[in-house]
Structure formats: structure tokens, C-alpha cells
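Beneath this line is the structure, given in C-alpha cells, with notes to follow.
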Amino acid sequence: MTTPYEDLLARAQADPGVLGIVLTGSQARDGMATDHSDADVIVVVAEYGGAWTATTHSPELDTIPTSLADLADTSDRWRRYAYRGARVLLDRLDGRVGELVRAQATLSPAERDAWTREELDGYVNFVYRAAKNRRDGRPELARLEEIEAAPWFLWTLFSLYGRVRPYNKYLRWELETFPLPAPWTADHLIPALADRPSALFAELETAVRAAGFGDVLDGWGPELELCR
């Protein structure tokens, strides 16, 4: 008896209108799948229609029809990590599907520059707000600002190295499978982000200044001292 995943692959491969098949999610990433993991399959088509119109979900399988134009559209930042570590199972466009998958999973030089600047400024903003709340005797509000700072830190860090931010579920997998330079190990980052993201400020400042983004920090003027 075939599984829903096997049935989908057979149907998609038999359909000449299907341009590509991409496996993503935990099943695509070595060591991440559990007994509860479904298969997430992106079915690439020229245009939506027929059997490939809307995403369907089940405990065993998520089927995600995606047009070629949408696969080429990198404007949705959050969706892009779905393609990190994804496996191209079928490519009827002589490698084009694979190229688009890789483009989703990495940043262009222009994206790296723009994203790093934007996200770094946001991280500094929340660290600064947390510091002001601690200074003024509002620890609970400082904690809320720290929570807000964590995603901005992650976007900054991964953008700095030309990569898209991983979903939290895959953060350890990402850092251990595709390590960043020291000191950015999973055992260092994850506890700090869960406890107090502002504690990473000094190390991030060193990294972003070395990469040429010090002007973003300097734009904060004397207020930067409170962040430190």
C-alpha cells in the first residue's frame, strides 16, 4: 500500500504540466524528522489550476502548489527559509527550478546590505528600549523589549552572512549544519537569545563593524552607550 507522499509524487511526475517537485520541511533536513513530521512538498507549475490550485494539509502530507512566477518571487522574507536545505526531486527546466530554490535560500549582495542595515537598526532600537526600562525601574517592560529584540538580532546575524533567518525550530540545525564564524555557535546563541538578547550586543557590534556596517550604529550617537 502506497503512502500519501508516494501517491503525490506519482501523480506529479505523471503530469506533464508539473515543472518541478521540491521536498522541504523536516523531512528534507537530515536529523530533523520525527514520528510526527509530515512531508511538505512544493509542486511547481507554470500556472495554478486543476489539481494544483490550493495548498492542502493533512497529518501525513502538505501539498503546496507554487507557480514558477511565485517561485521566482523573493519578496516574502519569511517564506524564503522553507527553501533552505530543500531537495529538488524533479526539475523539468534543465536546472532552472534548482536555481530558483537556491535564490530563495540565499541573499544577493544588495539584499544582504539592505537587510543587515534595516534589521540591525531594529535590534539596536529594542536593546535601547530595554535598557531604558531597566534604568527606570520597569523590569517587566524591559523583558518585553528583550523578547522583541531576539528576532531582529537573528535577521541581522544571518543577513550579515548572506543567509536567510531560520525558523526557530531549525535554528540549532542551521547553526550545526551550516556553522557561522565564531562566536556564533548554537550553544552560545540559543541560551542568550532565550534569556537576554541584549547580552549579545557587544559581540554583534564587533561583527557588524568588521563587515562595514558601523555607520548604522554610529547613527545612534551618544545613546549607543546605554545599549553597551
Residue ID - surrounded by the most Cβ atoms within 10 Å (Cβ to Cβ), chosen from residues in region 21-39 that are touching a Gly at 6+ places or on another chain (Cβ under 9 Å) and in a loop (DSSP other than H, G, I, E, B): Arg29
Out of (1) closer than 18 Å to Arg80 by Cβ; (2) in contact (Cβ under 8 Å) with a residue 24 or more places away in the chain, the odd one out for Tyr128 is which? (1)
Determine if region 183-192 includes at least one residue that is under 12 Å from Tyr161 (Cα atoms), assigned to a loop (DSSP other than H, G, I, E, B), aromatic (Phe, Trp, Tyr) and assigned by TED's automatic domain parsing to the domain that holds Leu144. yes
Answer from Ala103, Ala82 - the residue that is part of a helix (DSSP H, G or I) and in contact with a strand residue (DSSP E or B) (Cβ under 7 Å, 6 or more places away or on another chain): Ala82
What number of residues in region 126-145 are assigned to a helix (DSSP H, G or I) and surrounded by fewer than 21 Cβ atoms within 10 Å (Cβ to Cβ)? 13
I'd like to know if region 196-217 contains one or more residues that are surrounded by 20 or more Cβ atoms within 10 Å (Cβ to Cβ) and among the basic types (Lys, Arg). no
Just name the residue that is surrounded by the fewest Cβ atoms within 10 Å (Cβ to Cβ) out of those in region 78-125 that are free of Cβ contacts under 8 Å to residues at least 60 places away in the same chain and among the aromatic types (Phe, Trp, Tyr). Trp78
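Return yes or no: is Leu154 within 21 Å of the chain's Cα centre (by Cα) and assigned to a helix (DSSP H, G or I)?
On the way: within 21 Å of the chain's Cα centre (by Cα): yes; assigned to a helix (DSSP H, G or I): yes.
Here the answer is yes, as Leu154 does meet what is asked.
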For region 174-214: of the residues being among the hydroxyl-bearing types (Ser, Thr, Tyr) and farther than 20 Å from Ala131 by Cβ, which is modelled with the lowest pLDDT? Thr177
Looking for something in a helix (DSSP H, G or I), more than 30 Å from Phe201 (Cα to Cα) and either without any contact (Cβ under 8 Å) to a residue 12 or more places away in the chain or among the charged types (D, E, K, R) (or both) - is there at least one such residue anywhere in region 59-71? yes
Looking at region 202-228, I want the residues that are in the same structural domain as Val127 (by TED's automatic domain parsing) and in contact (Cβ under 8 Å) with a residue 12 or more places away in the chain and have a partner that is surrounded by fewer than 18 Cβ atoms within 10 Å (Cβ to Cβ) and not aliphatic (A, V, I, L, M) with Cβ atoms under 6 Å, at least 6 apart or on another chain. Which pairs are those? Glu203/Pro183; Val216/Arg117; Val216/Asp121
How many residues of region 46-67 are touching a helix residue (DSSP H, G or I) at 6+ places or on another chain (Cβ under 8 Å) and either outside the structural domain of Leu100 (by TED's automatic domain parsing) or closer than 20 Å to Arg84 by Cα (or both)? The answer is 2
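The values are calculated or read from the model by the stated rules, or taken from the named source; none is laboratory data. Predicted, not measured: the structure shown is a model, and the values here were computed from it. Note: ideal-geometry Cβ built from the backbone for every residue, glycine included; neighbour counts use all protein chains shown.
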